[in-house]
1. Within the group B:51, B:96, which residue is in a strand (DSSP E or B), of a type outside the set (Lys, Arg) and more than 25 Å from residue A:129 (Cα to Cα)?
2. Between residues in segment B:60-79 that are within 10 Å of chain A (Cβ to nearest Cβ) and in contact (Cβ under 8 Å) with a residue 24 or more places away in the chain and residues that are of a type in the set (Asp, Glu) and part of a loop (DSSP other than H, G, I, E, B), which pairs lie under 6 Å by C-beta distance while being six or more apart or on different chains?
3. Looking at residue B:8, is it of a type in the set (A, V, I, L, M), out of contact with any Pro (no Cβ under 6 Å at 6 or more places or on another chain) and open to solvent by 30 Å² or more (accessible area, probe 1.4 Å)?
4. Search segment A:39-82 for residues being part of a strand (DSSP E or B) and in contact with an Asp or Glu (Cβ under 7 Å, 6 or more places away or on another chain), and hand back the single one that is nearest to the other protein chains (Cβ to nearest Cβ).
5. Hey, can you tell me all the residues within segment A:88-143 that are without any contact (Cβ under 8 Å) to a residue 40 or more places away in the chain, closer than 19 Å to residue B:103 by Cβ, within 13 Å of another protein chain (Cβ to nearest Cβ) and open to solvent by 40 Å² or more (accessible area, probe 1.4 Å)?
6. Counting only residues that are free of Cβ contacts under 8 Å to residues at least 40 places away in the same chain and open to solvent by less than 30 Å² (accessible area, probe 1.4 Å), how many does segment B:107-123 have?
7. Inspect all residues belonging to segment A:8-27 and state whether any of them is assigned to a loop (DSSP other than H, G, I, E, B) and not aromatic (Phe, Trp, Tyr).
8. So which residues in segment B:19-68 are at pLDDT below 90, of a type in the set (Ser, Thr, Tyr) and surrounded by fewer than 17 Cβ atoms within 10 Å (Cβ to Cβ), if there are any at all?
Amino acid sequence: MKIPNFFKNLIFGVPIGITIVDSVGYVARVDGISMQPALNPDKNTTDYVFLNRLAVRSYEVQRGDIVSLVSPKDPTQKIIKRVVGVQGDLVKTLGYRELVVKVPDGHFWIEGDHTGHSMDSNNFGPVSLGLLTAKASCIVWPPSRWQIIQNFLPTNRVPLNIKPIIRVF
Amino acid sequence: MRDHLVKLLGTLGYVFQYGCVVHCTFEYVGDFVLCSGPSMEPTIASDDILFTEHVSVLTQSMKRGDIVIAKCPTNPKQQICKRIAALPGEKIKTGFASYEFVPLGHVWLEGDNSSNSTDSRSYGPVPIGLIRSKAVCKIWPPKHVTMLSGT
């Protein structure tokens, strides 16, 4: 009588786990140096972040959020980047084939903080919002790095359309 | 009173458990999609219901000619139903004498009704990550129940 009970728990337990991971969020390890210094500040620390899926249910992201998405180049890979521009923004690019890009509808512009060491929109252009999977909301491990990830955008990366224009005559 | 509460909690627990099982089935095995719009005529008419499976998307085994359901690249809340016209690395004709190569990790989607379809010809190659499922058969209306296989 014991074994059927075990299987019954398995049949219900696994879907419950998957559903929670799918709809609430999960913890993931950050690989690579593309988000230095916000994540993985030096090569000896590996950060674990909580990826919040509830926050992106309606595909709403703010400039400065750190998000995870399916890589447009390789659908089996997930990447973690910072949102620089949302739809309609004029973004000054860093090494893309156009100097200034207007982000099309339903797309966003993402960049790694470590300029030059990151596969991001400067490489493959604006990314479709449908690839968005989660928002990174806090660092959960190691304990010395416990913190809530703040929304932050370097002033020199603010899109041109919301930047106050200062003209010197 | 306490008995009722315990019973209620028990029922809610069952609803939660079965809800999770249903979620996993629809997310990882297969689900039903109501199609609207003329872009896939004559294969699929407006208001047909399709049965779609997620397994071949999860195992990355899509072929040219498959009909797939994907998130619209220009509006993630909308879904589109198109046919895969070219896989990564293949050449696709975009004009009278112009060709384009489909980049890595993307596919070229086209509707069967090429005169009335918004597809890759207007928004370019679509990332594979946007594809949700592959259509297997048409189950509604009952007169037109057919398997949908690649051409």
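The values are calculated or read from the model by the stated rules, or taken from the named source; none is laboratory data. As the structure is a computational prediction, the values presented were derived from the model and not from experiment. With ideal geometry, Cβ positions are generated from the backbone for all residues, glycine too; neighbour counts draw on all protein chains shown. What goes into the accessible areas is simple: the full protein's heavy atoms, side chains included, and nothing from ligands, DNA or RNA. Shrake-Rupley method; radii C 1.70, N 1.55, O 1.52, S 1.80 Å.
1. On the way: B:96 fails: in a strand (DSSP E or B).
When all the criteria are applied, what remains is B:51.
2. Cβ pairs passing all conditions: B:74/A:105.
3. Working: of a type in the set (A, V, I, L, M): yes; out of contact with any Pro (no Cβ under 6 Å at 6 or more places or on another chain): yes; open to solvent by 30 Å² or more (accessible area, probe 1.4 Å): yes.
Spelling it out, residue B:8 is indeed of a type in the set (A, V, I, L, M), out of contact with any Pro (no Cβ under 6 Å at 6 or more places or on another chain) and open to solvent by 30 Å² or more (accessible area, probe 1.4 Å).
4. So the first thing to find is which residues in segment A:39-82 are part of a strand (DSSP E or B), and the list is A:48-52, A:66-70, A:78-82.
Now drop any that are not in contact with an Asp or Glu (Cβ under 7 Å, 6 or more places away or on another chain), which leaves A:81-82.
On the way: A:81: 14, A:82: 19 Å.
Selected residue: A:81.
5. Of everything in segment A:88-143, those that are without any contact (Cβ under 8 Å) to a residue 40 or more places away in the chain, closer than 19 Å to residue B:103 by Cβ, within 13 Å of another protein chain (Cβ to nearest Cβ) and open to solvent by 40 Å² or more (accessible area, probe 1.4 Å) turn out to be A:104, A:123.
6. Keep residues of segment B:107-123 that are free of Cβ contacts under 8 Å to residues at least 40 places away in the same chain, which gives B:108, B:110, B:114-115, B:120-122.
Narrowing the set further to residues that are open to solvent by less than 30 Å² (accessible area, probe 1.4 Å) leaves B:108, B:120.
Total satisfying the criteria: 2.
7. yes
8. B:36, B:46, B:61
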